[in-house]
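See below for the structure under consideration.
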Amino acid sequence: MSIKDAAEKILSVALPNACAICGRAISPFGMICQSCESDIKRLGPNLTLEKHKDFYLAYYGFYEGILRDLIISYKSGRWRLGKAISKLCINTIEKLIEKPFDVVYIPATLTSLEDRGFDHVKLIAKEISKYFNAHLVKSLYPVIEDKQSGKSGQERKEVKEKYIFRGNIKNKRLILIDDVYTTGTTVRNAIDAIRKVENDLEIYTCVIAKVKKWQR
């Protein structure tokens, strides 16, 4: 038995750990069990770009089942899941979007930061930009402090959430990162703000999961 294996065995007794999704016992160094990892890999990535009026949408899978559980677990405070979730977006981008590109993200509101203690989408965007050696744009800011989670589809459409964009684009292709695509209101508001400053851009939105219409 190697030193690493021995250390892991001792730690598994002293510091028991459980899968962030199903609760099975796992290594103290892990976050997700092999079974859940395999189930997630079978779900995506979706290999079709959705053409919208002012952008393209890429997503790993649908917001249901184990993928939904993964996102909820991450947003509930398990920030270490950020790297695992980032890989889903990275896999999607590699299959669908050409380089070079800049990366920007939907910023967390102060309310969300207070609830979670971290900006969950920013962590994903940082991992993506690092992997692709892409410029991370930190110039999108929320105007209205009102989080979208928990709202119905109609309530989301009625929200007047706006963003301010300060610029700092290096490439003409831009990827906007978010966690879940529901009605598209948040994404469209962010893109409107970006195009007020940089109108000549090819914009893609990449999310972990898309909500099916019947789920809204």
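Side notes on the structure shown:
- Entries of LYS87/LYS196; LYS75/LYS130; LYS53/LYS83 with Cα pairs more than 27 Å apart: LYS87/LYS196; LYS53/LYS83
- The label point for ARG166 and the one for TYR56, both projected 7 Å from the Cα toward the Cβ, are 3.0 nm apart.
- Rounded, prolate or oblate (a/c below 1.5 giving rounded, otherwise prolate when a/b exceeds b/c) for the stretch 45-215 by Cα gyration tensor: rounded
- Fewest-first sequence of SER139, SER129, SER27 by Cβ atoms within 10 Å of each Cβ: SER27, SER139, SER129
- With K and R counted +1 and D and E -1, the other residues having a Cβ less than 11 Å from that of GLY77 yield a net charge of +3.
- Note, ³J(HN,Hα) from phi for the stretch 64-81, Karplus 6.51, -1.76, 1.60, rounded to Hz, x at Gly and Pro: 7, x, 5, 5, 5, 4, 4, 5, 4, 4, 4, 6, 7, x, 7, 5, 5, 6
- Amide H partners (placed H, <5 Å) of TYR181, local residues excluded: ALA209, LYS210, VAL211
- Residues with amide H under 5 Å from that of TYR204, placed H, sequence gap 5 or more: TYR56, LEU174, ILE175, LEU176
- Antiparallel beta bridges, as assigned by DSSP with both residues in the stretch 45-215, represent about 20 percent of the total such bridges.
- Chain lengthening between LYS83 and ASP115 when straightened (0.36 nm per residue, less Cα-Cα): 9.5 nm
Computed from the coordinates by the stated procedures, all read-outs in this text should not be read as laboratory data. Computed from a prediction, not measured in an experiment: that's the story for all the values here. Glycine gets a Cβ as well: all are built from the backbone with ideal geometry, and neighbour counts include every protein chain shown.
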